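Chemist: I have a structure here, written as structure tokens, and I will follow up with some questions on it.
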Amino acid sequence: MLNFVGEFLEQTPHHLPRTSKLVALIYNARAEESSNSSLPVGEEPTPASRDPHTARFRNKENGDGRGPFDRPTDLYVEWDTMETVNAVKAALEERHRVVLIEANQSAYQKLLEFRPDFAFNIAEGLYGVSRESQIPAMLEMLQIPYSGSDPLTLAVCLDKSRTKEILSYHGLPTPRFAVFRSAEELEAAPVRYPAMVKPLHEGSSKGIFDSCVVRTREELEQEVRHIVARYSEPALVEDFLPGREFTVAILGNGDAIRVLPIVEIKFDSLPSGVSHIYSYEAKWIWDKREQPLDIFECPAKIGSTLQMEIERICKAAYGVLNCRDWARIDVRLDQHGKPHIIELNPLPGILPKPEDNSCFPKAARAAGIQYNELINTVLDIAMARYARMADYARRSFLQLVETA
């Protein structure tokens, strides 16, 4: 029995005090600049020309004048730039030794080679609906502690319908929705207009263009066909909520969860006549570093009652979906001013410069937390979580030995 306990304690993640560790920063990075400003019609981007701001593809369905005839290729939009990766690395290096590991097919071998004490995971992945779970699953297999949510939570939150089902089960408000795998399935579907159409398994406004707010059956069928064909996945269709939109950054675990100042998205800063959504165009085209939109207000100017209700449902959603360490939650008001949860992002964007309009760092700065402090705070929160897990496991097994 004692030998078994000794082996267990040896395999349990060690107590991780705030001393210098070897930290693996695991990431996916897109090309900073594309060597080609555009691609031939119908051609997919390649790794050498994969910048999502310049590579284009032709939207063959769009012939009615709604939106651009060419839509940006957003294949790699969820990935970070090397500027962001290097900023996170510099922050972590204030306290730790850091090794960069790209989340590609060599990642597992590099983790075996370096055997880091801890991993700071910001990898989004690329292939499959479980792509955000792949690196955490490897880390768990190798018993390397890491920051952020576990594979199950990452997979569930990437599937918008599963997220909404769980929220609904727990009585948390989210827009009414349905999932369609083809435009033909719409024939028997009662859809209320206007409606919002988006890919089922994407983030960072991938697949969400200005035309995704639909007001007729023809527009709805067009968007569903486009999503199914372009992304090879079902389309989520939900009631479009006409009210204000907010995003809520959360830090911590258990009773120590902290809600940072709420960010409001100001749609009146968008070009005239466009849909009031935080679309791909709004996030990546109209809002430029050299000419940023005045699109965010933080802290949001809202009454205390609404603020408390938004914080309440966001903390509840964070808990029921088992988010860890940090997450960002998008909220929108219905026609009665009631907040609804749109989606959760347990791998929030963390662009380093204020002019990049990245919501989580913006909320942190409003709380007096600068970028490097934010990154190290997340790491400290994750390390403390593992330390508590290790201490609990040791106490439990020592008690088992004493009573055996």
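The values are calculated or read from the model by the stated rules, or taken from the named source; none is laboratory data. For clarity, every value in this text was computed on a predicted model and none was experimentally measured. For neighbour counting, all protein chains shown are included, and Cβ atoms are generated from backbone atoms with ideal geometry for every residue, glycine included.
Chemist: Could you list, in sequence order, all residues of the range 344-374 that are out of contact with any Asp or Glu (no Cβ under 9 Å at 6 or more places or on another chain) and among the polar types (S, T, N, Q)?
Modeler: SER358, GLN370
Chemist: So, one more: Determine which member of the set ARG385, ARG332 is on the phi < 0 side of the Ramachandran plot and out of contact with any His (no Cβ under 9 Å at 6 or more places or on another chain).
Modeler: Working: ARG332 fails: out of contact with any His (no Cβ under 9 Å at 6 or more places or on another chain).
Answer to the check: ARG385.
Chemist: Answer with yes or no whether GLY203 is part of a loop (DSSP other than H, G, I, E, B), under 23 Å from VAL331 (Cβ atoms) and modelled with pLDDT of 95 or more.
Modeler: Working: part of a loop (DSSP other than H, G, I, E, B): yes; under 23 Å from VAL331 (Cβ atoms): yes; modelled with pLDDT of 95 or more: no.
Judged against the criteria, GLY203 is not a match.
Chemist: Now for a different question. Which condition does THR163 not pass, out of (1) in contact with a Cys (Cβ under 7 Å, 6 or more places away or on another chain); (2) more than 30 Å from LEU347 (Cβ to Cβ), if it passes all the others?
Modeler: All conditions pass for THR163, except number (2).
Chemist: A further question on this structure: Pick from the range 343-391 the residues that are closer than 26 Å to ILE166 by Cβ and among the basic types (Lys, Arg): which of them is nearest to the chain's Cα centre (by Cα)?
Modeler: Taking the range 343-391 and keeping what is closer than 26 Å to ILE166 by Cβ, we get 343-350, 359-360, 363, 378, 381-382, 385-386, 388-389.
The next check asks that each one be among the basic types (Lys, Arg); those that pass are 385, 388.
On the way: ARG385: 21, ARG388: 26 Å.
Residue satisfying both the conditions and the ranking: ARG385.
Chemist: Hey, could you check the range 313-335 for residues that are within 13 Å of PHE240 (Cα to Cα) and out of contact with any Phe, Trp or Tyr (no Cβ under 7 Å at 6 or more places or on another chain) and say which is surrounded by the fewest Cβ atoms within 10 Å (Cβ to Cβ)?
Modeler: Residues of the range 313-335 within 13 Å of PHE240 (Cα to Cα): 331-335.
Checking the rest, the ones that are also out of contact with any Phe, Trp or Tyr (no Cβ under 7 Å at 6 or more places or on another chain) come to 332-335.
On the way: ARG332: 24, LEU333: 18, ASP334: 15, GLN335: 8.
Ranking the candidates gives GLN335 first.
Chemist: Would you check if ALA317 is in a helix (DSSP H, G or I), modelled with pLDDT of 95 or more and within 29 Å of PRO151 (Cα to Cα)? It would help to see each step written out before you state the result.
Modeler: Numbers: in a helix (DSSP H, G or I): yes; modelled with pLDDT of 95 or more: yes; within 29 Å of PRO151 (Cα to Cα): yes.
Taking the combined requirement at face value, the residue satisfies it.
Chemist: So PHE267 clears everything in (1) out of contact with any helix residue (DSSP H, G or I) (no Cβ under 9 Å at 6 or more places or on another chain); (2) modelled with pLDDT under 95; (3) surrounded by fewer than 16 Cβ atoms within 10 Å (Cβ to Cβ) except one condition, right? Which one?
Modeler: Among (1) out of contact with any helix residue (DSSP H, G or I) (no Cβ under 9 Å at 6 or more places or on another chain); (2) modelled with pLDDT under 95; (3) surrounded by fewer than 16 Cβ atoms within 10 Å (Cβ to Cβ), PHE267 violates only (1).
Chemist: For the list (1) without any contact (Cβ under 8 Å) to a residue 24 or more places away in the chain; (2) of a type outside the set (A, V, I, L, M, F, W, C); (3) in contact with a Phe, Trp or Tyr (Cβ under 7 Å, 6 or more places away or on another chain), I need the number of the one condition that PRO234 fails.
Modeler: With (1) without any contact (Cβ under 8 Å) to a residue 24 or more places away in the chain; (2) of a type outside the set (A, V, I, L, M, F, W, C); (3) in contact with a Phe, Trp or Tyr (Cβ under 7 Å, 6 or more places away or on another chain) applied to PRO234, the lone miss is (1).
Chemist: What are the residues in the range 95-137 that are β-branched (Val, Ile, Thr), farther than 14 Å from SER147 by Cβ and either modelled with pLDDT of 95 or more or surrounded by 21 or more Cβ atoms within 10 Å (Cβ to Cβ) (or both), if any? Let's see the steps before the verdict.
Modeler: The initial filter retains those residues of the range 95-137 that are β-branched (Val, Ile, Thr), namely 98-99, 101, 122, 129, 135.
Checking which are farther than 14 Å from SER147 by Cβ leaves us with 99, 129.
Scanning the range 95-137 gives a single hit, VAL99.
Chemist: I need the full set of residues from the range 92-105 which are under 15 Å from LEU25 (Cβ atoms) and either out of contact with any Lys or Arg (no Cβ under 6 Å at 6 or more places or on another chain) or part of a strand (DSSP E or B) (or both), in order please.
Modeler: Narrowing the range 92-105 to residues under 15 Å from LEU25 (Cβ atoms): 92-104.
Within the range 92-105, LEU92, GLU93, GLU94, ARG95, ARG97, VAL98, VAL99, LEU100, ILE101, GLU102, ALA103, ASN104 meet the criteria.
Chemist: So GLY252 clears everything in (1) over 30 Å from LEU379 (Cβ atoms); (2) in contact (Cβ under 8 Å) with a residue 40 or more places away in the chain; (3) surrounded by fewer than 21 Cβ atoms within 10 Å (Cβ to Cβ); (4) not basic (Lys, Arg) except one condition, right? Which one?
Modeler: Failed condition: (1).
A quick yes/no check of all residues on (1) polar (S, T, N, Q); (2) touching a Ser or Thr at 6+ places or on another chain (Cβ under 7 Å); (3) farther than 30 Å from ARG365 by Cβ:
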| residue | (1), (2), (3) |
| --- | --- |
| ASP210 | no, yes, no |
| ILE227 | no, no, yes |
| GLY252 | no, no, no |
| LEU270 | no, no, no |
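Chemist: Restricting to the range 289-314, give me the number of residues that are outside any loop (DSSP other than H, G, I, E, B) and closer than 21 Å to GLY203 by Cβ. Quick ask: steps written out before the conclusion?
Modeler: Step one: list which residues in the range 289-314 are outside any loop (DSSP other than H, G, I, E, B), which gives 291, 296-297, 304-314.
Still in the list and also closer than 21 Å to GLY203 by Cβ: 296, 310, 313-314.
Final tally of qualifying residues: 4.
Chemist: Would you confirm, using the coordinates I've provided, whether LEU142 is in contact (Cβ under 8 Å) with a residue 24 or more places away in the chain, of a type outside the set (Phe, Trp, Tyr) and over 21 Å from PRO348 (Cβ atoms)?
Modeler: Working: in contact (Cβ under 8 Å) with a residue 24 or more places away in the chain: yes; of a type outside the set (Phe, Trp, Tyr): yes; over 21 Å from PRO348 (Cβ atoms): yes.
In short, yes.
Chemist: Could you tell me whether GLY171 is buried (at least 21 other Cβ atoms within 10 Å of the Cβ) and either modelled with pLDDT of 95 or more or acidic (Asp, Glu) (or both)?
Modeler: Values: buried (at least 21 other Cβ atoms within 10 Å of the Cβ): no; either modelled with pLDDT of 95 or more or acidic (Asp, Glu) (or both): yes.
Answer is no for this residue.
Chemist: Right, something else. Restricting the first residue to the range 187-198 and requiring it to be over 10 Å from CYS212 (Cα atoms), which pairs with a second residue that is β-branched (Val, Ile, Thr) and surrounded by fewer than 16 Cβ atoms within 10 Å (Cβ to Cβ) meet a Cβ separation below 9 Å and a spacing of at least six or different chains?
Modeler: Taking only residues 6 or more apart or on different chains, the pairs are TYR193/THR216.
Yes or no, residue by residue, for (1) in contact with a helix residue (DSSP H, G or I) (Cβ under 9 Å, 6 or more places away or on another chain); (2) assigned to a strand (DSSP E or B):
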| site | (1), (2) |
| --- | --- |
| HIS340 | yes, yes |
| LEU351 | yes, no |
| GLU355 | no, no |
| PHE360 | yes, no |
| ALA364 | yes, no |
| GLY368 | no, no |
| ASN372 | yes, no |
| ILE375 | yes, no |
